[in-house]
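A quick write-up on the structure given underneath.
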Amino acid sequence: MKKTAILVFVGMLVSFVAAYAQSNEPLTFKDFIEGKEAFEENCLECHSLEWPLKKIANREEWDLTLTKMANTGAVLSKKQRGQVLEYLVAKSAFQQKCSVCHELERPLEKNKEFQAWVETVRRMADKKPGHLTDEEKLSIPGFLTAKGEEKEIW
């Protein structure tokens with residue numbers, strides 16, 4: 001009985017997430033900036049940012065982490081939650097995928113506008129075809145634009 005209830009809950013959650021994802025507007029670099037701000041403001045209320053900035057996780061893992069945080073009292077609007085999720089997914093993609101070819105300090109030291117980051121990421125992706133998904137080719141520039149003056153993320 002308990003397993004059935006859990007499966008029903010998971011099924012409802014997956015349906016909700018799928019419906020939410022389909023109703024969203026396309027992401028802009030402003031969403032990444034607002035996601036970073038919401039992440040910093042809300043998460044710092046309970047803990048340091050060191051662990052989440054070090055963590056590399058996929059979309060599903062970050063989604064579960066955000067759900068866990070909401071269950072322990074973190075308060076984000078629906079829009080903020082989506083923005084934070086996208087920011088953390090992009091951060092993880094940057095850390096995981098870009099570090100395969102080079103150190104991460106160099107891009108973290110640079111400050112560029114969103115379109116310049118898009119061009120840089122596309123140029124890098126062309127050097128290793130298939131390494132980045134189309135989603136990552138747009139989310140990584142969003143993350144790099146949002147990081148601003150920061151030179152370290154871990």
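Throughout, read-outs are computed from the coordinates displayed, never taken from laboratory work. Because the structure is predicted, anything quoted here is derived from the model rather than measured. Here the Cβ positions follow ideal geometry from the backbone for every residue, glycine too, while neighbour counts run over all protein chains shown.
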By the Cα gyration tensor axes a ≥ b ≥ c (a/c under 1.5 gives rounded; else a/b larger than b/c gives prolate, otherwise oblate), the shape of region 29-93 is rounded
Exceeding 25 Å between C-alpha atoms, which entries from my cross-link table qualify? They are K54/K137; K97/K147; K55/K110; K30/K78; K68/K110; K55/K97.
K68/K110
Is region 27-146 rounded, prolate or oblate when judged by the Cα gyration tensor, a ≥ b ≥ c being the square roots of its eigenvalues, rounded requiring a/c under 1.5 and prolate requiring a/b larger than b/c?
prolate
If you place +1 on the Cβ of every Lys and Arg, -1 on the Cβ of every Asp and Glu, and leave all else neutral, what size is the dipole of region 27-146 about its Cα centre, to the nearest 20 Debye?
260
Projected label distance in nm at E60 and E41, using a 7 Å step from Cα toward the beta-carbon:
3.2
